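The values are calculated or read from the model by the stated rules, or taken from the named source; none is laboratory data. Not measured: the values here are computed from a predicted model. Methodologically, a virtual Cβ is constructed for each residue, glycine included, from the backbone with ideal geometry; neighbour enumeration extends over all protein chains shown.
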Amino acid sequence: MRSVHRFGIIALLLALSCARGALGLDAAAETAPAGATPSVAYIRIDGEIDALQARYFARALADAQQAGAKTVVVHLNTDGGALFAAREMAAAALAVAKDHPRMVAFVDNRCYSGGAMVAYAHDDIYLSPRSTIGDIGVIMQGSDGKIEYGPEKIETVVRTLLRSEAKQKGWVEAKLVKMTARNQELYRFDVADRQEFVLEDDLPAWQHAHPEVDPQSRIVILGKDRLVSYTASEAVQNGMATALVDDLAQVYAKLGVPADQVLDLSPSRTELTARWLSGWSFILAAITAFCIFLEFKAPGIGIWTACAVIFGTAFFICQYYQDLANYPEVILVVLGVGCIAVELFLFPTAGWLAIVGIVLGLSGLVLSFMPDPEQFHPSSDGWGTAFTGALEQSLLSLLVISVGAVIVISTLPKSRALRRIAATAEIDGTSAGASEGDASLIGRTVVTRTALSPSGSVTIDGRDLSATSEHGEYVLAGAEVLVVGLRYGGAVVRPMVRPIAAPTPAGTVAS
């Protein structure tokens with residue numbers, strides 16, 4: 001039993017350590033001196049842009065502003081990703097006031113599609129000589145793998161966002177919009193001592209504003225079915241990037257900031273692990289509940305409790321980094337488990353407390369799959385989709401739990417390895433009577449010390465022994481039961497049913 005307790009303590013310490021990292025308490029993630037106001041905050045977007053990246057970006061950007069950073073350097077290395085996630089990130093960057101902090105993008109490899117959309121929401125873009133940027137074409141991939149361009153309805157939204165970026169950040173609007181406007185030609189007009197770039201859709205309005213310019217003098221820079229992309233040097237020459245730099249250190253040098261004044265907000269190892277596990281979060285939730293189920297089948301603080309702590313902590317860390325779960329969801333789940341435990345081991349209420357616990361636990365589970373800003377606002381955009389997704393994930397978890405419970409109930413008694421684990425982890429001192437003489441226990445009538453629902457304990461010769469009712473029925477504390485077998489080092493018992501005497505007919509005397 002000592003080894004089991006030691007294992008449980010180690011599991012709790014590991015869980016607390018992971019939770020500490022999840023809550024951002026790991027000081028190693030920051031390079032700026034403690035208590036000092038950082039000049040620059042560093043954010044890294046690497047790989048596919050998705051909802052997780054968008055939530056990380058919003059969270060890191062808020063941390064940078066709260067820390068008082070004067071400049072935010074966003075390191076981009078991506079081929080793009082989900083349109084709506086990229087749009088959220090671009091909108092978040094545009095929402096930052098121009099004078100505090102200044103938004104700077106740095107690309108040292110490639111920045112396409114949604115990544116370029118995010119980059120041009122910044123005040124400055126620094127490119128390494130080998131990097132490329134552009135091609136914000138809206139594409140959709142069908143279930144058969146075929147890739148097609150998105151409909152005009154979606155492309156219009158993207159063009160509008162790019163126009164907004166160009167106006168707010170000073171990029172050449174026609175060139176930026178041509179990164180997504182595949183059905184329009186890009187023209188150049190040589191006007192006096194400058195060059196003007198105009199999209200086909202904007203040509204009538206531009207000619208009306210410049211009647212002195214001959215319409216036939218336009219030069220086609222890029223035709224239809226073509227999207228603008230630039231090498232690093234081309235982007236700088238065309239006014240679509242600020243300057244070339246060799247590396248991140250040179251970016252800091254241009255900003256006049258020493259490296260020790262940089263607040264590093266790049267994703268921690270814990271967050272990266274949580275992202276990797278995020279696709280399996282419903283499995284983690286199911287395994288947590290499953291371990292709790294096993295603990296109830298073999299009462300006591302042991303290996304199943306430790307496993308439940310580990311998997312439960314991993315699940316909530318995953319949901320925390322997806323902005324899906326926080327303290328309310330954890331509290332609901334803990335209260336639910338607590339109510340079920342009280343019903344099983346302390347204060348039986350004929351199942352009512354267990355029902356309350358199940359409702360609380362399931363509520364916390366469903367809410368932990370829904371984004372916090374939307375979960376209590378059915379009128380919010382995307383609430384229905386979020387709720388449907390949360391319900392699907394929760395049902396998948398319940399399905400895994402149910403299948404696992406059926407498998408355990410049907411196969412666990414036949415497993416020698418699991419029987420040994422259960423006997424070691426759960427029974428130990430309480431099952432001494434079982435080890436002294438198994439045959440002598442079977443057939444004995446004993447009294448339940450706690451209610452069996454279906455697990456609890458009975459008293460045999462002044463000692464407590466874990467017990468489970470034979471068919472899972474509820475048995476009151478203090479009731480007489482018959483020991484019909486032994487399993488996992490505990491007793492399997494059957495409620496005693498005493499025969500009821502038949503009524504004596506009138507006029508007769510019982511012999």
Legend entry - Looking only at segment 270-312, and only at residues there that are crowded, with 22+ Cβ neighbours inside 10 Å and among the polar types (S, T, N, Q), the one that is modelled with the highest pLDDT: Thr288
Legend entry - Members of segment 486-503 that are at pLDDT below 85, of a type outside the set (Lys, Arg) and within 46 Å of the chain's Cα centre (by Cα): Leu486, Tyr488, Gly489, Gly490, Ala491
Inset, instruction - Check Arg182, Arg188 and return the single one that is within 19 Å of Pro151 (Cα to Cα) and either crowded, with 18+ Cβ neighbours inside 10 Å or of a type outside the set (Asp, Glu) (or both). - result: Arg182
Inset, instruction - Using the structure shown, decide if Ala174 is of a type outside the set (Asp, Glu) and under 36 Å from the mean Cα position of the chain (by Cα). - result: no
Inset, instruction - Specify the residue that is surrounded by the fewest Cβ atoms within 10 Å (Cβ to Cβ); the eligible residues are those in segment 133-147 that are charged (D, E, K, R) and without any contact (Cβ under 8 Å) to a residue 24 or more places away in the chain. - result: Asp144
Legend entry - Matching residues in segment 235-276 - criterion: being part of a helix (DSSP H, G or I), in contact with a Ser or Thr (Cβ under 9 Å, 6 or more places away or on another chain) and closer than 30 Å to Val198 by Cα: Ala235, Val236
Legend entry - Scope segment 155-170; condition under 18 Å from Asp124 (Cβ atoms) and surrounded by fewer than 21 Cβ atoms within 10 Å (Cβ to Cβ); matching residues: Ser164, Ala166, Lys167, Gln168, Lys169, Gly170
Legend entry - Some residue of segment 110-126 being modelled with pLDDT of 90 or more, of a type in the set (S, T, N, Q) and closer than 17 Å to Ile43 by Cα: no
Legend entry - Exclusive hit being over 26 Å from Leu61 (Cβ atoms) and buried (at least 18 other Cβ atoms within 10 Å of the Cβ), set Val251, Val245, Val228: Val228
Legend entry - Search result, residues across segment 125-142 that are more than 15 Å from Lys254 (Cβ to Cβ), assigned to a strand (DSSP E or B) and either outside the structural domain of Asp108 (by TED's automatic domain parsing) or over 31 Å from the mean Cα position of the chain (by Cα) (or both): Thr132
Inset, instruction - Inspect all residues belonging to segment 200-217 and state whether any of them is in a helix (DSSP H, G or I), in contact with an Asp or Glu (Cβ under 6 Å, 6 or more places away or on another chain), surrounded by 14 or more Cβ atoms within 10 Å (Cβ to Cβ) and not assigned by TED's automatic domain parsing to the domain that holds Phe106. - result: yes
Inset, instruction - Tell me which residues, restricted to segment 102-124, are in a strand (DSSP E or B) and farther than 15 Å from Asp50 by Cα. - result: Arg102, Met103, Val104, Ala105, Phe106, Val107, Asp108, Asn109, Arg110, Asp124
